[in-house]
């Protein structure tokens, strides 16, 4: 038996108990005649003490132990003279009488501490050492807890967890699939699922009513920051439901998680914004509503004052920063530089300072007299002491810029509380997005999303105007998930494919099985999926999903620890009826 | 709102309640002035009644509904005159006052009944209809329950559920990997995991102590009956443990499942057999111990009687079938034919009938006098009335034949109770298997399995004699899982790779990351994995894992519902730097 207790459980109640512990040497201190070792395992840290006077051989042996050695010790739980109230085991130490080295360790390439000296590349290569750090362990423990609570919630709400296949079929809609060559069907390929979408719809057609799964999904993207080729989804589908039923179930899940994991009780219904409202008020379909400072449209009142920039643009809008009227020239310049950065690309920033004494100072004083500035200020309900920041230009891009500016001001004004969770629903998305390059419509959500019944006629006349029965949940400015009511009628699904530019043959080839299924009694149904990695990162207060994934890949899709992807032997390629095409 | 209740919950307590139900038309009967419809959903069946006299329009509308139409009805819960005590809803029916057809259905290609008229191929093509059958639903509900109970058990035992990656690296040891071409790393491939083996070991090295996961694994095999290219594993690893700790945890899991799912309490420790004992007593390393009739070795006493067949062979053994001495010539011939089938391939069967009157009759009377036959009978503890069945030949193959014969007799004698669960551990497997074709040793379990410490020296002198710290759990003759204590020492792991014929370069190339990890304080660790599909099938009393998988593939690895694998477009191939090799 390697241990009687873990390194996290012994305390003052265990005094004078003889125990055996196993773990890693976290650190070691030699103080005169004593050697102290912090022994670490998953559960905590326990201090070991070796005494040169009473057992010099053992103490000498202990002094030879390096960091990260794996040891087993027997000893007596004794009360510490120098207690550490911050640690659960801080009142005791183990007076060791036997030491067994289970494994040695070379010096780790970086320190096993929360504030480590290892860079990301090094930590990824030695991920098994990186994962020893307390903060990493906390992330994975949190992830485990959240997974269990998610399942508990769904199971208690009569959902069935059903596994859908990983080896499926490639479909060109959406992101690029990873494919898997089939040895037994030469020249043919499976694909890895980007989501279990069609299978969960088939489960509804099969009558399973309430399905959920925490499931790996795959997307072969040109990696952007903080995307992973494999990611985990909380996936769900329900039959005989309307949008309201699904919102209510997932709102319930988030409330359950906030309560169980964070101890936060939200009684009220989550706020709801239409896509349009979100864009107009926040310039963003995933607004951070932890603070206000919403956007205001001043297009109509700002035009016609002889300021050419305003007169020539589609949209003029801004935000009002409470109590910032005394911002310096330098501060305003910084904001201007911020929105002019290439990532944002705005042309310029107009300000109106509404001084405490009731006077105005603005970068457009030349065109706007005090009365005109006052009218502007009224649009924002500004009061003396406030600062109004204005951007003008093409509407959608200006809204985006204002969103960035609002978030930047939120950060500057310390409005963004990391311990607050502000979820909301964004509803009524457009069904389709026009792609100017390919000159065709794409599904904004996916091709199975139902148009709102009252908009179906528009599909023939003005598809861009059709709204979808689709919804996203946003928390603190992060889109954590989204879903829709699905089409369950074969003709409507065919029409949708046609609108998306599928020929009948293509639609049949790729989704024939689903359209066939619609022929045999498909119930009304809908669902939603949440990004589990993202949700865990949000709960962990971490910016990157890599920090909540045990073995993530880097931005080029490589696992640098195992050095994958890698070459495969020629005979395997041959068995798969494949050749590497060196030309491309 | 599509429904106020499900089709499984209304009973006599709900009389005179106005309700709305939605579901599928299971069957419909017109009886004079009434039409009765069984409305089905996931939760049950509720009888709807339409009356031609009181509402002829509605009744006519109901008479037009076909099987599997999806409908919504409003009506009043009324007491049935003709109650059906077998159904939870059998005391009531719904007097319908409104009927809404949500979707029509073509006539399904087979009947949606447990005893369906659809063949397997047809049912697989229309799996979404097959899954509507009650028996299929029961399987998936059971699977869901078992998954939840497994997790509950592990979580309550301080295990962490940690997701390991699906896109990993190909390794030639073991079965063939499925591979995934990397677009961003031209000519390179990921592989899909046959198990999370190396990752769970790295988690132990990272200090996670107790890991589990219910996880998809992949194996590109030439499909044998009842194998699937993707399958699900209950995977587990523990640090600072010995074999006994792991056996105890997994024995606990099986006991938990039997109790929670089947209401069966097993108090005793599961029986244990060494691999050798299992082979000697049952001819099989996965014995069905629901009944006895064990094998007996009679080599030493059966030789030297002048019977050439016996005198020339390595091994002579048999079983004793209680009370079967009066088996007819025909019955014995059937058994002889059974063991001579090509799948088994034995040469012949010798019998000794120990008649109730104490006399013997045997097919080897010519060589064995009554005293000699009696001595044989004593080996088996046979009593008057018993039948002894004997096979002779090369030892391993004869043991296998006897195992088949034992199981066949078990079936004939009705010893195999499907409601009994007889788990056991098989221990002390050989570490290595000699492959005569490749003239090298293969790991019987996998290359990370630890030899028993007392056998390590034999690795150099007589590797075939080395025993492993490995164990299998067997229930009712089915190997449900197995595992081992792992090597955690870099030198021993290197020696193991060498014994398996890896060059140092190959070992480094494929498992360098693991051997590196062993350098930084690897704790003693071990684990186990259970085949979840197999375990569910066992609990469901079903012979095939296909019946407990929502969307399985057929024996050629095809999903015939979605028609996958399939061709992919040339541009995708090109992006992946691949060409189809038509020559091979």
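Throughout, read-outs are computed from the coordinates displayed, never taken from laboratory work. Remember, it's a predicted structure, so these values are computed and weren't measured experimentally. Positions of Cβ are backbone-derived with ideal geometry, glycine not excepted, and every protein chain shown enters the neighbour counts.
What's the ranking of B:63-71, B:266-274 by average number of surrounding C-beta atoms within 10 Å, highest first?
Per-residue Cβ counts within 10 Å, averaged per peptide and sorted highest first, yield B:63-71, B:266-274.
Roughly what % of Cα-Cα distances in the range B:167-208 sit above 11 Å, to the whole percent?
Tail of the P(r) past 11 Å holds 67 percent of the pairs.
Once a ≥ b ≥ c are taken as the square roots of the eigenvalues of the Cα gyration tensor of the range A:131-201, is the result rounded (a/c under 1.5), prolate (a/b larger than b/c) or oblate (a/b not larger than b/c)?
Oblate.
Please compute the modelled spin-label separation between residue A:383 and residue A:261, points set 7 Å along Cα→Cβ, answer in nm with one decimal.
Those two pseudo-labels are separated by 3.8 nm.
If you wrap a convex hull around the alpha carbons of the range B:361-506, what volume per residue comes out, as a whole number of Å³?
So the per-residue hull volume is 186 Å³.
If we hang a label 7 Å off Cα along the beta carbon direction at residue B:560, how far is it from the matching labels on the other copies, in nm, shortest first?
For residue B:560, the other copies' label points sit at 4.9 nm, shortest first.
Kirkwood Rh, the range A:351-391, all Cα pairs: how many Å?
By the Kirkwood definition, the hydrodynamic radius is 9.8 Å.
Would you work out the relative contact order for chain A, in percent, from Cα pairs under 8 angstrom that are 6 or more residues apart?
Value for chain A: 12 percent.
How far is helix A:504-518 tilted off the main Cα axis of chain A, in degrees rounded to 10, range 0 to 90?
The helix A:504-518 is inclined about 70 degrees to chain A.
Evaluate peptide B:519-530: per residue, the Cβ atoms of other protein chains within 10 Å of its Cβ; return the mean as an integer.
5
With chain A rotated onto chain B, spot the residue of A whose Cβ lies nearest the axis and note the distance in whole Å.
Taking the axis that maps A onto B, the answer comes out as A:579, 2.
Add -39500 (n - 2.57) for each DSSP H run of 4 or more in chain B, then divide by its residues: what number comes out at 222 nm, to the nearest 500 deg cm²/dmol?
-8500 deg cm²/dmol
Over all residues in A:548-561, what is the mean tally of Cβ atoms on other chains that come within 10 Å of each residue's Cβ?
For this peptide, the per-residue mean of nearby foreign Cβ atoms is 4.
Under the convention of a label 7 Å out along Cα→Cβ, give the distances in nm from residue A:438 to the same position in every other copy, shortest first.
Copy-to-copy label distances at residue A:438, shortest first: 4.5 nm.
What does the C-alpha gyration tensor say about the overall shape of the range A:12-103? Classify as rounded when a/c is under 1.5, otherwise prolate if a/b is larger than b/c, or oblate.
Here the range A:12-103 falls in the rounded category.
Can you give me the distance in nm between label points at residue B:117 and residue A:355, each placed 7 Å from the Cα along the Cα-to-Cβ direction?
Output for this residue pair reads 9.3 nm.
Mind putting together the pair-distance distribution for the range B:277-321? All Cα pairs, 10 Å bins, whole percent per bin, short to long.
Over the range B:277-321, the share of Cα pairs per 10 Å bin runs 27, 43, 25, 5 percent.
At q = 0.21 Å⁻¹, what log₁₀ I(q)/I(0) does the range B:512-584 have when each alpha carbon counts as one equal point scatterer in the Debye sum?
For the range B:512-584, the Cα-only Debye profile gives -0.92.
Suppose R0 equals 41 Å; then what is the FRET efficiency for residue B:334 and residue B:479 from their Cβ-Cβ distance, rounded to the nearest 0.05?
Computed FRET efficiency for residue B:334 and residue B:479 comes out at 0.90.
If you take all C-alpha pairs in chain A, what percent of them are over 42 Å apart?
Of all Cα-Cα distances in chain A, 42 percent exceed 42 Å.
Taking Cα atoms, how many degrees apart are the long axis of helix A:329-340 and the longest axis of chain A, rounded to 10 and kept between 0 and 90?
Around 80 degrees separate the two axes.
May I ask you to list the residues of the range B:68-87 whose amide nitrogen lies under 16 Å from a point 7 Å from Cα along the Cα→beta-carbon direction of residue B:54?
Residues passing the 16 Å test: B:74-82.
How would A:135, B:7 line up from fewest to most surrounding beta-carbon atoms within 10 angstrom?
Sorted ascending by nearby Cβ count, the order is A:135, B:7.
Which distances, shortest first and in nm, link residue B:456 to the matching position in the other copies, using label points set 7 Å out along Cα to C-beta?
In ascending order, 7.4 nm.
How large are Rg and Dmax for the range A:291-412 when calculated on the C-alpha trace, in angstrom?
13.1, 38
Give the separation of the Cα centroids, the range B:561-584 to the range B:412-475, in Å.
40 Å
Assuming a ≥ b ≥ c are the square roots of the Cα gyration tensor eigenvalues, decide whether the protein assembly as shown counts as rounded (a/c under 1.5), prolate (otherwise, with a/b larger than b/c) or oblate.
Judged from the Cα gyration tensor, the protein assembly as shown comes out oblate (a/c at least 1.5, b/c at or above a/b).
How would you rank A:248, B:22, going from fewest to most other Cβ atoms within 10 Å of each one's own Cβ?
If I rank by nearby Cβ atoms, fewest first, I get A:248, B:22.
Dimensions of the range A:79-175 along principal axes (Cα, Å, largest first)?
Rounded to whole Å, the extents work out to 64, 38, 27 Å.
Would you order A:162, B:416 from fewest to most other beta-carbon atoms within 10 Å of each residue's own beta-carbon?
B:416, A:162
Any chance you could check the Cα centroid distance between the range A:506-536 and the range B:332-358 for me, in angstrom?
Centre-to-centre distance over Cα atoms comes out at 56 Å.
Please give the average number of partner chain Cβ atoms lying within 10 Å of the Cβ of each residue in B:483-490, rounded to a whole number.
Neighbouring Cβ atoms belonging to other protein chains average 1 per residue here.
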